[in-house]
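Quick notes on the structure that follows.
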Amino acid sequence: MKKIALLGATGSIGTSTVDVVTAYPDLFQIVSLTFHSNSEKGAALIELLKPSYVGVGSEKIKTELHNRFPEIEFGVGEEGMVRAATLEEADVVLTAVSGSVGLKPTMAAIEARKDIALANKETLVMAGHWVMEAARKNNVSILPVDSEHSAIFQCLDGQQKGNLKELVITASGGSFGDLMREELKSVTLEQALNHPNWSMGKKITIDSATMMNKGLEVIEAHWLFGTDYDKIKVVLHKESIVHSMIVLKDGAYLAQLGPSDMREPIQYALTYPTRLPIQNEKAFDLTQIGQLNFEPMDFDRFPMLALAFLVGKKGGAYPTVYNAANEIAANAFIDGKISYLQIEEFVQKAVWNYTETNEVTLEEVIAIDKQTRTIVERWIKEEGLL
């Protein structure tokens, strides 16, 4: 039986992971889990899964739940996540949290020699060099959970590294894929959260609309697959049927196709290299779909994607600044403090205001992440909705 530490259990990825685990109770067990603030859903998961350890977002929630579940050990905040990720009996850590909070528990899990099923893009965006180096040193596998990276992983399986010509990441275009930039000035949060293909959390849905999500995926792919940025391509594919592709040096394309169902990449990461049926699988028939469309990416329309390639090539802490600024700006839009297009403005401003002259350490990257957040929060307070 594979024993799992699930970080971010109440989010969309966490929920899909629970579906996978409960479909195969003889194969999987969640021995620890974490969530931030959804105590009602968290309590239901504790009832269902009976983990031995639970990390939560506040002392208040810890006290409330410990009174209900006195037999379970609870922890709070970052320390709680690290403890959940390094629990002795855990075999694999599935990081389904959103944002930079995933970095420290993931690094701690790697140092504890736990395999990683990675759904937290920001871990590799912020610290790809250090994370991959630690994984190699500790002989730890990092298996992608994002549908795009799982697709590439599946297509690369069995291929000699020298065969690869290019990685092709597909993008749906998000909630506003058909709008011109002029039309984006007055879009609302409700409109931004109306993704045509996927059901996701608020932050990642906003990132999908700005194409920030795809920018993070480009940087993540660079580290996961050891591929130069010049060999990573993004194409618009509105149907979200082809999850991503690879191009081989003889011109052959290999693609992974399937329905918009996160259970498939999650389950594959947990069972690799074995495949199991998806319980209650979504109906999928290419003859009913009829056609698939692909378009070149418009970097003027989606400047956050162009910026991702730039900061990725610059390296150092530039991707950290890019991500940190976006986390603050995207959440400010969700909270009604700034307009949609101001997300891009604040991210660009943060990147252009950052200068790096010396090689940075992991500790410095973490400090720069915090500093960037403080700066962008100040700018938003000063400017806000102009």
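The values are calculated or read from the model by the stated rules, or taken from the named source; none is laboratory data. No experiment lies behind these values; they were computed from the predicted model shown. We place every Cβ from the backbone using ideal geometry, glycine too, and count neighbours over all the protein chains shown. Only protein heavy atoms, including side chains, enter the accessible area calculation; ligands, DNA and RNA are left aside. Shrake-Rupley method; radii C 1.70, N 1.55, O 1.52, S 1.80 Å.
Observations, loosely collected:
- Flag if Gln191 is open to solvent by 50 Å² or more (accessible area, probe 1.4 Å), part of a loop (DSSP other than H, G, I, E, B) and touching a residue at least 12 places away in the same chain (Cβ under 8 Å): no
- Considering the range 301-386, the qualifying helices (runs of 4 or more DSSP H), each wholly inside and each with 3 or more residues that are closer than 17 Å to Gly215 by Cα and among the hydroxyl-bearing types (Ser, Thr, Tyr), run over 318-334.
- The condition (being in contact (Cβ under 8 Å) with a residue 12 or more places away in the chain, out of contact with any helix residue (DSSP H, G or I) (no Cβ under 7 Å at 6 or more places or on another chain), open to solvent by 50 Å² or more (accessible area, probe 1.4 Å) and part of a loop (DSSP other than H, G, I, E, B)) is satisfied by just one residue among Lys238, Lys233: Lys238.
- Residue list for the range 323-377, restricted to those being among the acidic types (Asp, Glu), under 21 Å from Thr106 (Cα atoms) and out of contact with any Lys or Arg (no Cβ under 8 Å at 6 or more places or on another chain): Glu363, Glu364, Asp369
- Scanning the range 149-183 for residues that are touching a residue at least 40 places away in the same chain (Cβ under 8 Å), in a loop (DSSP other than H, G, I, E, B) and within 23 Å of Phe302 (Cα to Cα) turns up Ser172, Gly173, Gly177, Met180.
- Pair list, Cβ under 6 Å, 6 or more apart: the range 32-43 residue aromatic (Phe, Trp, Tyr), other residue modelled with pLDDT of 95 or more and open to solvent by 10 Å² or more (accessible area, probe 1.4 Å): Phe35/Thr10
- Just one of (1) at negative phi; (2) touching a residue at least 40 places away in the same chain (Cβ under 8 Å); (3) surrounded by fewer than 23 Cβ atoms within 10 Å (Cβ to Cβ) fails for Ile343. It is (3).
- Residues being open to solvent by less than 40 Å² (accessible area, probe 1.4 Å) and either farther than 25 Å from Lys238 by Cα or in contact (Cβ under 8 Å) with a residue 60 or more places away in the chain (or both) - total across the range 282-314: 10
A quick yes/no check of all residues on (1) within 26 Å of Gly173 (Cα to Cα); (2) crowded, with 16+ Cβ neighbours inside 10 Å; (3) aliphatic (A, V, I, L, M); (4) modelled with pLDDT of 95 or more:
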{"residue": "Ile266", "(1), (2), (3), (4)": "yes, yes, yes, yes"}
{"residue": "Gly316", "(1), (2), (3), (4)": "no, yes, no, yes"}
{"residue": "Asp335", "(1), (2), (3), (4)": "yes, no, no, no"}
{"residue": "Asn353", "(1), (2), (3), (4)": "no, no, no, yes"}
{"residue": "Arg378", "(1), (2), (3), (4)": "no, no, no, yes"}
